[in-house]
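I have placed the structure first, in the form of structure tokens, so that the comments after it can refer back to it.
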């Protein structure tokens, strides 16, 4: 820093970024400070911009920088000039900035050395030459001490040595001000506004003549070499088809799609067309008849309903077409239809648009199937309790009935006269006439006993019957039998009733005669029996002999039946019916009823068809030639079927149930094996009142006439005739 | 071993092999769910109901063959291409390569659906059979506002409008329209084209509400297919009457537009073409009047045509129509078409401002009437002396011409449905018109028939010059009555009511008599029975067990041997019948109450 600097150096310094100064506030202090001044140099650029004479001022600065030493030599003239200048400036301080500039322009630099470094004159006495070639003497150098003292004097702080012009310069207050502003980075003159609006003085348009009247050169129209190369490339690409051009966009063409209308088969699966939307009815009209509009009460009632139960569309009436508003659900409904079209599974369903009557089977007219019992003709009253069982005499003249009041009665069918009464102690479960005409014997199941009673009919046979109903004194039970256990049945003669009493160990529910009237079977359906085969025993009247059936029972026995012509024996358990051959001692057939609770069976007089009634109210008809499955299942009764019966000669059968009804059916069995039996429901017979949850307890056909007897829980027996 | 164990190497069988769930199908086709939906809509593939739902009850099942059908669809590949192309564009855009993006967008691959239509509807008649939904949808979108947010473009709305007008023009021109019904939801039209009944619904011409809970994407996919379908159907039907399709966009015609003579010669050259086009123009023109704001450009050519029509003499359209009708062979028209063609013959209509013009402009010419409207481009003005009916829908009519009748629009629709010219008294300005009845209802014998339907029936009979047996006891006035009807073809409403009442009474009497007879027959039977059983004291109360029970028994007993399925079906049908009966009963009850209220008021 001590060395005097040339102008170039100073200029190069101009480009240095401005440094920040802290202590420049106090000029007195900063006077002696080197760094301070060096900073000032940095702000030279802005100073020169402001329009002041550039070189001079820089020189001043340089002087300032080296003012401590005051060693450097410089031109006198310059020195003077600055002095003058400063003087004039101070003199004309009231004048504008420009004038000071002009005054500066007038003063020529005193230095004559030109643009050579001051270093060259460092060691010389002189500095430059005047016009006549004489050396210009340097100012006499001050003594160091002297100069220091001088500088120390506060009054002289403004004085600066100008090395270049070799003179002392005193800074005017105005210049100091400028310097201070420059240090702050402001414009040197306070009057200058750096942010004044820009005024564009040049008139751009309206120029009469172009700036250049030269014609457009050709090169502007011709591609450059590189451009040419690129174009050639593109051309080749187009020619070779690497580049394709856009065709004008075509609207989708409409043409005669079904022109030839050839029968082209649709691809994929068979198309199921969507069902068409329902066509609107009267209620959708904008002006429906008044009766289609719900009343206010109905509208309120809709509000109480669940949302899904409410009607989807509530009719509304508008008095004129112009008052009809836009339908707010139009878009929504169309959208729903769209969803239905593509989301709903479609399947072909047969439309059930048939008359419900057509579902009913085509049955032959009931008139053609006459005679059959249809109306109640007679009632037999006299029992005090529910009539549990009835049985008709094979001659068709008498009917026997057993009731839970403990009586067995015989009635004359035609008149309804009660012929005979037996008083038995317990409730009667079952009565059965001996099917042979010669033996008017009644088998009665009472509690755990079976009585064989003499009906007392017929003169000639009485003797024979009395013979038959006599039992020798019961011998002492054979020891071998006792070892096996008590016999199930003991035959004894009952004096009181003038008959035979068969003592069983359990309650007997049913007694069935063989067709010849010698054998009969009894059923004890008690589930405590250890040996199940004991539940059914077959008795022989003539020999007073009882034997157990030689078959194992599968389940609880319900009832039994003898085949009307062959040596077959039917045993029905709760689920199945088994047919055994009594001669061969083997199972012939097993009928799968599919029922859970069989209550009764009946055998067709032909012997090939079996009727099974169940407690579920179902009636199964088995054709044993056809299969072991039911040929037909009839669900007629709502409650338990208590009894089923075939007519001996007419193609009729009947069922009666606890719901108080009896059904009469036409059941024709053809001798032709290819023809299945014809079953036609004929009549529902009502009339019995239900008592204690029980309705009709038993039904039996008249042996010769198409008449039906029903025994009711209301202690009445009814005769239904055709 | 699990229950459904299938040994290795054994193929799936049965429902498991025949059906696949939707998610399986998507996986198999390697498409997204939305694309799958689109494919299903376009191809008309729908879910099926397998007998056994192997995957569970809550799945949708498609038939394997249906999915294979989709798999081989070239559109799938096309959609894939489009997807990759979209990606290309997106890439260019995200790289700020706008030039490339624009260039790519102009070359976006498109697809056509004509092949699909041919595939789905191998015969034209198949397409007609499935046209109901198509027409309703297109008509709905023709009335919707274009919404950018939902991608309902203006272009498509215009296309819908154009297609619907083309269809209507054909129906109107060929007199195919059969039934019209103004409902709260809109106006139902039923036409018969090639023996197929086509029914469609047009919304009322008002601002439509666009709900938010609707997936417009699905609807637009449907619309896309329907637009194409209807365009092809229109082409076919226009072709069948030898008219060029599309009807308007003929530059030659535009060039000729200046010269009236040249135009008429053009008309002569292909007699049918101009009629349809002018009608179509009229339709669209009316449309334009309604919403000028958005479709001015599109209908420019149509407007020109309409202007052209405006230059014609006032009765020119009518004359032209007659000319065309003469030219068109009447031999192929069936009886019904002839009847429809002549319903409004020699009648001139004029529509006031406030009536639904678009609908009436379509309907009246379809039944042979001539119609004009208030506004620009109308064939004739309100002051025309030839006008026989003016259709107004306002409380009062200021100036009235005595040569014409002023009726409410409902009159036109009722006339069409009844196929006779109804008396106009009830439809006069300011009156509450008689109820508007649906022409689609088919009455069962036990159904409730509205009173006005009876009246119309009688008027029809009178118009056919038949003597309908009048209800009530035969008397002098009744003998005279039909004669009156013949003379006037008008029946007073109160009279009609009376007549209906008398008829009802007679029916009631007849029924009573029948019942009595029945009872007598039964009573006799019962009497005979009691005679037979009087030997013993018999509970007569029981014997006389109500005959209802007997009837019920007779009904029950036949169902005894019937299978469970049929019995349940029978039961269900009975329930349905009961419900229907209850509905009828409700209507009758309401009617009775209304009548009573009316009587007490008077």
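The values are calculated or read from the model by the stated rules, or taken from the named source; none is laboratory data. Predicted model only: the values in this text are computed from it and were never measured. Please note: Cβ atoms are built from the backbone with ideal geometry, for glycine as well, and neighbour counts cover all protein chains shown.
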Checklist entry - Of all residues in segment B:567-602, which are free of Cβ contacts under 8 Å to residues at least 24 places away in the same chain, within 7 Å of chain A (Cβ to nearest Cβ) and surrounded by 15 or more Cβ atoms within 10 Å (Cβ to Cβ)? => result B:569, B:570, B:573, B:590, B:594
Checklist entry - Can residue A:310 be described as touching a helix residue (DSSP H, G or I) at 6+ places or on another chain (Cβ under 7 Å) and more than 9 Å from chain B (Cβ to nearest Cβ)? => result yes
Item to check | Failed item in (1) under 23 Å from the mean Cα position of the chain (by Cα); (2) touching a residue at least 12 places away in the same chain (Cβ under 8 Å), with residue B:217 passing the rest | outcome: (1)
Checklist entry - Hey, any hits in segment A:419-438 for a residue that's touching a helix residue (DSSP H, G or I) at 6+ places or on another chain (Cβ under 6 Å) and either modelled with pLDDT under 85 or away from chain B (no Cβ under 12 Å) (or both)? => result yes
Item to check | Within segment B:130-155, tally of residues that are farther than 18 Å from residue B:209 by Cα and out of contact with any strand residue (DSSP E or B) (no Cβ under 6 Å at 6 or more places or on another chain) | outcome: 4
Checklist entry - Out of curiosity, is residue B:108 more than 12 Å from chain A (Cβ to nearest Cβ), under 24 Å from residue B:73 (Cβ atoms), out of contact with any strand residue (DSSP E or B) (no Cβ under 8 Å at 6 or more places or on another chain) and exposed (fewer than 15 other Cβ atoms within 10 Å of the Cβ)? => result no
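The rows are residues; the columns are (1) at the interface with chain A (Cβ under 10 Å from one of its Cβ atoms); (2) modelled with pLDDT of 85 or more; (3) more than 30 Å from residue A:278 (Cβ to Cβ).
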position	(1), (2), (3)
B:390	no, yes, yes
B:432	yes, yes, no
B:442	yes, yes, no
B:455	no, yes, no
B:473	no, no, yes
B:477	no, no, yes
Next on the checklist: Can you name every one of the helices (runs of 4 or more DSSP H) wholly within segment B:146-258 that holds 2 or more residues which are at the interface with chain A (Cβ under 8 Å from one of its Cβ atoms)?
Outcome noted: B:216-240
Checklist entry - If you check B:100, B:116, which single one turns out to be within 13 Å of chain A (Cβ to nearest Cβ) and part of a helix (DSSP H, G or I)? => result B:116
Checklist entry - Which of the residues belonging to segment B:17-53 are more than 14 Å from every other protein chain (Cβ to nearest Cβ), surrounded by 16 or more Cβ atoms within 10 Å (Cβ to Cβ) and more than 15 Å from residue B:80 (Cβ to Cβ)? => result B:24
Item to check | Selection within segment B:220-248 - touching a residue at least 60 places away in the same chain (Cβ under 8 Å) and out of contact with any helix residue (DSSP H, G or I) (no Cβ under 7 Å at 6 or more places or on another chain) | outcome: B:220, B:224, B:246
Checklist outcome for this item: All-but-one check, residue B:385 against (1) in contact (Cβ under 8 Å) with a residue 24 or more places away in the chain; (2) surrounded by fewer than 21 Cβ atoms within 10 Å (Cβ to Cβ), failing number (1)
Checklist entry - Do you know which residues across segment A:317-343 are touching a residue at least 24 places away in the same chain (Cβ under 8 Å), out of contact with any helix residue (DSSP H, G or I) (no Cβ under 8 Å at 6 or more places or on another chain) and either within 8 Å of another protein chain (Cβ to nearest Cβ) or in a loop (DSSP other than H, G, I, E, B) (or both)? => result A:318, A:319, A:324
Checklist outcome for this item: Flagged in segment A:641-668 as within 23 Å of residue A:592 (Cα to Cα) and surrounded by fewer than 19 Cβ atoms within 10 Å (Cβ to Cβ), in numbering order, are A:668
Checklist entry - Can you find a residue in segment A:681-696 that is more than 12 Å from every other protein chain (Cβ to nearest Cβ), buried (at least 24 other Cβ atoms within 10 Å of the Cβ) and within 18 Å of residue A:602 (Cα to Cα)? => result yes
